[in-house]
1. Roughly speaking, what is the stretch gain from D35 to Q10, that is 0.36 nm per residue apart minus the C-alpha to C-alpha distance, in nm to one decimal?
2. Where does each of V63, V37 land when they are ranked from fewest to most other beta-carbon atoms within 10 angstrom?
3. Return one number: the angle in degrees, 0 to 90 and rounded to the nearest 10, between the long axis of the Cα atoms of helix 36-63 and the longest principal axis of the Cα atoms of the chain.
4. Given labels modelled 7 Å from the Cα in the Cβ direction, how far is it in nm from N2 to M45?
5. Specify the angular offset, from 0 to 90 degrees and rounded to the nearest 10, of the alpha carbon long axis of helix 3-32 from the longest principal axis of the alpha carbons in the chain.
6. Can you put K3, K27 in order, fewest other beta carbons within 10 Å first?
7. Measure off 7 Å from each Cα along the Cα-to-Cβ vector at E24 and L64, then give the distance between these two points in nanometres to one decimal.
8. May I ask you to derive the relative contact order of the chain, considering only C-alpha pairs under 8 Å and at least 6 residues apart, and to give it as an integer percent?
Amino acid sequence: MNKKTEEILQGLKTAIEAELTGHEFYKSAAKTTSDPVGKETFSRMAEEEIGHFNYLRHQYKSVL
């Protein structure tokens with residue numbers, strides 16, 4: 001594997017980890033807030049992070 005490919009994979013790995021961290025944050029925020037609108041917003045944002053994760057994971061696999 002060449003250096004450029006390794007750099008791309010590392011960037012994607014970093015982005016994937018950030019999406020998972022974001023998902024956990026929003027999921028936790030949805031559980032802890034008492035505001036119904038906040039619960040809905042944070043839950044939706046957590047779901048969006050999983051969508052981003054899946055997209056990035058697909059990109060990572062396509063580079064391999």
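1. On the way: separation 25, 0.36 × 25 = 9.00 nm, distance 3.80 nm.
Result for the pair: 5.2 nm of gain on full extension.
2. V37, V63
3. For helix 36-63, the angle is close to 10 degrees.
4. 4.0 nm
5. With rounding to tens, the tilt is 10 degrees.
6. Lowest to highest Cβ neighbour count: K3, K27.
7. 2.2 nm
8. Working: 45 pairs, mean separation 26.9, N = 64.
Here the relative contact order equals 42 percent.
Read-outs: derived from the displayed coordinates by stated rules, not from any lab. It should be emphasised that the depicted structure is a prediction, and the values quoted were computed from it without experimental measurement. No Cβ is skipped: glycine too gets one built from the backbone with ideal geometry, and neighbour counts run over all protein chains shown.
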